[in-house]
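Worksheet for the structure shown next.
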Amino acid sequence: MAVSVYSHGFARVAGAVPVIKAADPRFNTERTVALLREAAAQDTALVVFPELGLTGYSIDDLVQQDAILDASLAGLAEVLEASRGLRPVVAVGLPLNVGDALFNCAAVLRDGELLGVVPKSYLPNYREFYEQRYFSAARDAVTDTVTVLGQTVPFGADLIFEATDLPGFALHVEICEDGWVAIPPSTWASLAGATVLANLSGSPVTVGKESYRKSLCTGHSARCIAAHLYVAAGYGESTTDLAWDADALISENGTLLARSEQFSMADQIITADIDLDRLRQERLRMISLRDQAGDFAERLKPLRRIPFSFGTLDDADGALHRLVPRFPFVPTGTADRDERCREVRNIQVQGLAQRLRSTGLQKIVIGVSGGLDSTLALLVAVDTFDRIGLPRTNILAYTMPGFATGGATLRRAHELMDSLGVSGTELDIRPSCEQMLADLGHPYAKGEKVFDITFENVQAGERTSHLFRLANHHGAIVLGTGDLSELALGWCTYGVGDQMSHYNVNTSVPKTLIQHLIRWMIDTGEYSARTTTTLQEILDDVISPELVPPGEDGAVQSTEDTVGPYELHDFFLYYTTRFGYRPSKVAFLARHAWGDRTRGPWSEMMPEDRRNEYDAATIDHWLAEFLRRFMGAQFKRTAMPNGPKIGSGGSLSPRGDWRSPSDVSARTWLDELRK
């Protein structure tokens with residue numbers, strides 16, 4: 001955790017909202033400098049202030065007074081001097097005379113150097129706004145450079161400030177109304193490669209504007225695949241006719257990372273670590289974005305790129321200013337939990353309903369073990385048959401005890417089948433397994449307690465053989481139960497039920513999401529008390545294939561003792577396949593999410609789930625195990641059956657999200673992790 005966040009492709013950015021005094025640049029400069037130093041102390045790379053922050057946005061005709069213009073320019077000189085020796089790029093708002101015109105500008109500076117000046121492109125002149133009374137628009141400028149405080153720098157709305165020593169950091173700045181028009185200047189900049197979009201805003205508040213701003217900012221960051229900082233004016237602006245709420249937001253590709261306290265009467269700084277690697281990876285995949293950039297290549301080529309350097313970055317803070325969910329596949333927060341879980345179930349139900357419709361069949365065969373995966377598949381099947389008007393008795397459910405099936409597991413399987421009203425049957429596979437083991441000449445058939453892979457897979461194979469032949473016999477399809485986590489790890493026997501079926505509704509549902517869905521199904525109250533009691537017992541039990549009898553100490557075979565915790569593996573899976581991150585970055589994120597959650601600057605924002613914590617050595621060990629298993633199991637995924645993609649985390653279908661050779665080595669990934 002001591003490693004700089006910049007070492008893993010993050011950049012810490014800040015939105016600063018100072019308390020101001022309208023038409024008092026000296027006071028406003030003091031507050032701006034104080035917040036700049038505070039932001040620098042937090043190891044930020046960028047700090048953005050409000051529109052016309054050195055004068056106040058709401059001073060009306062006073063903005064044309066020479067005394068105000070002189071004082072604001074003097075304020076800029078103080079900010080410029082205060083930035084010397086500090087890391088962050090600073091975007092501060094002020095009015096500037098350029099030639100015979102007055103422009104509403106953002107001055108972009110760093111370490112005593114003015115990098116460029118950005119004039120506002122679109123001047124609102126409706127309702128409470130009348131900026132065209134004072135200012136000229138960017139398009140009216142007759143020069144593309146300006147001399148300010150003795151420095152001649154680029155001037156225009158076409159500037160992209162690119163860091164030479166922080167890959168992926170390319171900043172574009174616009175001002176308030178620029179972000180509210182149909183095609184903001186930052187849209188063109190993002191097509192040209194800008195990844196960090198800043199909007200210095202005045203933006204008086206009215207009822208409903210808070211939610212609209214959030215939609216506007218997060219939506220713009222999503223469309224542009226960029227980080228977006230929006231900083232509005234706050235306490236101290238004139239309330240003669242308007243009010244101001246000090247709203248500041250940091251968004252990244254559609255996700256709100258941080259937001260200020262609205263209507264605060266104190267200075268505020270919000271910070272977040274934006275993930276430049278995530279933006280780069282998303283843009284690599286979003287071919288349509290590159291296509292559109294190509295369509296407007298002649299419009300984009302003239303944009304000017306202003307290089308600058310941050311200097312040393314490896315001495316920055318290593319505690320991530322960003323919430324990293326422990327369960328990236330699982331909906332966070334209670335507000336959207338019900339909506340998201342219903343959506344998952346609806347996707348699964350629609351997938352199965354269409355498969356039945358296309359086959360013309362009205363029955364399914366499913367193996368019910370009394371474990372998590374088959375339970376979810378059975379519940380989806382019941383919901384599907386209810387919706388399409390088929391009797392639940394057309395669900396032919398079989399529980400097939402083997403050599404290690406526990407009494408509690410068998411009982412739960414029967415409880416589920418009976419309480420849900422499906423056609424439930426117990427089919428003992430031990431006789432057929434014993435015959436096969438004898439045919440193979442296996443030591444177990446000779447009375448020896450040899451519980452090897454053959455012993456395990458004979459049971460798995462017999463179950464699958466029975467299910468497929470039962471489907472033939474009854475005119476049905478076999479519904480698969482294996483989940484995404486098992487496919488990722490290869491923890492499924494090739495050609496048998498957890499890998500092969502006619503259709504699988506769980507194919508892109510990871511283990512952690514299955515557990516969450518079952519908890520949600522209990523909470524919905526849709527099932528009988530008998531069913532929900534059984535569901536809770538299934539959740540509380542150890543995850544086990546129950547293929548090897550308990551040891552002399554009575555310990556049941558545990559999947560996670562062998563392959564590792566599913567909660568970690570699902571975390572690794574998400575960031576490896578969804579974003580293509582280096583293993584070292586995946587480990588860094590895992591340490592942040594799964595380490596001691598009582599420490600760190602954002603610990604109060606973490607969920608209350610503190611059941612498990614993993615140290616760095618444990619995380620690295622299981623990540624290496626994940627990489628070996630994941631790369632080695634591709635041949636099983638190449639032959640996986642059909643099933644619906646569930647979430648943005650993706651699936652491992654060779655026809656969908658994940659295409660990979662079946663014979664590659666994990667060496668490159670393991671070497672990077674060790675390095």
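General remarks:
- Here the calculated FRET efficiency for residue 337 and residue 66, from their Cβ-Cβ distance with R0 = 51 Å, stands at 0.30, rounded to the nearest 0.05.
- Our estimate of slack between residue 140 and residue 290, defined as 0.36 nm per intervening residue step minus the Cα-Cα distance, is 51.0 nm.
- Projected label distance in nm at residue 133 and residue 183, using a 7 Å step from Cα toward the beta-carbon: 3.2
- Mean Cβ count within 10 Å, highest first, over the residues of peptides 444-457, 427-440, 476-489, 284-297: 476-489, 427-440, 444-457, 284-297
- Scattering profile of region 428-501 at q = 0.24 Å⁻¹ [log10 I(q)/I(0), Debye over alpha-carbon scatterers]: -1.06
- 37 °C / 0.692 mPa s Stokes-Einstein diffusion coefficient of the chain, Kirkwood radius on C-alpha pairs, µm²/s: 117
- Prolate/oblate/rounded call for region 8-308, Cα gyration tensor, a/c under 1.5 rounded: rounded
- Percentage relative contact order, region 337-674, counting C-alpha pairs under 8 Å, at least six apart: 19
- Tensor-based shape of region 276-400 (alpha-carbon gyration tensor, a/c under 1.5 rounded, otherwise prolate or oblate): prolate
- With a Förster radius of 51 Å applied to the C-beta separation of residue 526 and residue 674, the computed FRET efficiency comes to 0.55.
- Rounded to the nearest 10 degrees, the inclination of helix 337-359 to the longest alpha-carbon principal axis of the chain is 50 degrees.
- Annotation for residue 454 and residue 621: the two label points, set 7 Å from Cα along the Cα-Cβ direction, are 3.2 nm apart.
- Peptide ranges 66-73, 165-172 listed from the most packed, as the mean C-beta count within 10 angstrom indicates: 165-172, 66-73
- The angle between the Cα long axis of helix 209-224 and the main principal axis of the chain comes to about 70°, on a 0 to 90 degree scale.
- Candidate lysines - alpha carbon under 21 Å from residue 511, same-chain residues fewer than 8 apart omitted: 636, 645
- Note on region 1-117: Cα-only Rg and Dmax are 14.9, 54 Å.
- Packing-based ranking, highest mean first, of 495-501, 407-413 given that Cβ atoms within 10 Å are counted: 495-501, 407-413
- Placing +1 on each Lys and Arg Cβ and -1 on each Asp and Glu Cβ, with no other charges, gives the chain a dipole about its Cα centre of roughly 1880 debye.
- Using alpha-carbon coordinates, inclination of helix 407-420 to the longest axis of the chain, degrees: 80
- The 3J(HN,Hα) values that the Karplus relation (6.51, -1.76, 1.60; θ = phi - 60°) gives for region 285-296 are, in residue order, 7, 7, 4, 4, 5, 5, 4, 5, 4, x, 4, 10 Hz. Gly and Pro appear as x.
- Within the chain, helix-based [θ] at 222 nm, where runs of 4 or more DSSP H residues each add -39,500 (n - 2.57), nearest 500: -11500 deg cm²/dmol
Each reported figure results from applying straightforward, stated rules to the coordinates on display, with no laboratory input. In this text, all values refer to a predicted model and were calculated from it rather than measured experimentally. So basically every Cβ, Gly included, is an ideal-geometry build from the backbone, and we count neighbours across all protein chains shown.
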